[in-house]
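Some notes on the structure that comes next.
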Amino acid sequence: MVDPGASRLALRVPEADDRDRLFALYSDPLVWGPDPVSRHEEPAQTQEMIERWRAAWDRDGLGMWTAWAGAEFVGIGGCAVRAGVAWNLGYRLRPPCWGRGYAQEISAAAIAAARARNPALPITAYLVEGNDRSLRTVERTGLKQVWRGPDAGNPNPTATRLLYSDQPLSPSVLTALTVA
């Protein structure tokens with residue numbers, strides 16, 4: 001369990017028994033609506049995701065957390081290494097928890113942990129253009145937009161993906177992060 005300082009949240013590495021609550025989160029159309037590529041239709045998808053997250057923790061010493069406000073499951077968030085070249089910030093909250101500042105708290109804890117773990121890697125965040133709630137959170141972290149392009153795999157062929165970073169990205173890093 002991680003206590004992100006003065007935060008109201010407790011953050012912990014996901015466990016197998018988190019599957020049902022994570023499936024509920026990832027199958028909720030209010031949650032995946034801005035990013036349909038992340039939708040879960042079967043609990044097996046969620047189980048595989050938990051296994052990937054736990055493997056990231058084993059490999060990189062950091063990854064996604066489940067977030068808790070006391071006994072209330074808030075959602076997920078953290079930083080995981082993407083394409084071997086950058087930390088990728090992510091978060092997803094249950095709709096009743098929106099608007100409480102939790103995404104900002106998770107993001108601050110994740111960025112601090114990533115910088116402590118491997119400060120040489122840039123910190124990035126992906127979002128789909130039009131997801132204003134996520135955009136506000138990312139911009140509050142201080143990350144700046146460094147790329148805009150097609151959202152590979154999105155069922156909407158006109159969807160646009162945005163990439164934010166805490167620093168300029170070399171062409172090779174940008175290519176590694178944006179190639180489908």
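The values are calculated or read from the model by the stated rules, or taken from the named source; none is laboratory data. Here the structure is a predicted model, which is why all the values come from computation and not from measurement. Ideal geometry is used to build each Cβ from the backbone, glycine not excepted, and the neighbour counts take in all protein chains shown. SASA here: full protein model, heavy atoms, side chains in, ligands and nucleic acids out. Shrake-Rupley method; radii C 1.70, N 1.55, O 1.52, S 1.80 Å.
If you add up the charges near Ala152, with Lys and Arg at +1 and Asp and Glu at -1, over every other residue whose beta carbon is less than 13 angstrom from its beta carbon, what do you get?
Net local charge, Ala152 excluded: -1.
Just how much of Trp98 is accessible, in Å², when a 1.4 Å probe is used and the result is rounded to the nearest 10?
So the heavy atoms of Trp98 present about 80 Å² to solvent.
Modelling each spin label as a point 7 Å along the Cα-to-Cβ direction, I'd like the Asn154/Ser170 distance in nm, to one decimal.
Once both label points are built, they end up 2.9 nm from each other.
Tell me, what % of the accessible area of segment 101-160 is carbon and sulfur with a 1.4 angstrom probe?
Percent of accessible area from carbon and sulfur atoms in segment 101-160: 50.
Label points 7 Å out from Cα along the Cβ direction at Glu48 and Asp20: separation in nm?
2.3 nm
Just to confirm a number: summing +1 for Lys and Arg and -1 for Asp and Glu over residues other than Glu48 whose beta-carbon lies under 12 angstrom from that of Glu48, what do you get?
The answer is +1.
Need one number: nm distance between label points at Glu41 and Arg140, each 7 Å from Cα along Cα→Cβ, rounded to one decimal.
Distance between the two pseudo-spin positions: 3.4 nm.
For segment 45-55, what does the Karplus curve 6.51 cos²θ - 1.76 cosθ + 1.60, with θ = phi - 60°, yield as ³J(HN,Hα) per residue in whole Hz, taken in order and with x for Gly and Pro?
Listing the rounded values in order: 4, 5, 4, 4, 4, 4, 4, 5, 4, 5, 5 Hz.
Asp28 label point, 7 Å along Cα→Cβ, cut-off 19 Å on backbone N: hits in segment 40-58?
Counting only backbone N, you get 40-47, 49-50.
For Gly75, what residues show an amide H to amide H distance below 5 Å, using hydrogens built from the backbone and excluding near sequence neighbours?
Amide H to amide H, under 5 Å and 5 or more residues apart or across chains, Gly75 pairs with Ala67, Arg94.
If packing is taken as the mean number of other Cβ atoms within 10 Å per residue, what is the order of 52-58, 114-120, highest first?
Listed from highest to lowest mean packing, they are 52-58, 114-120.
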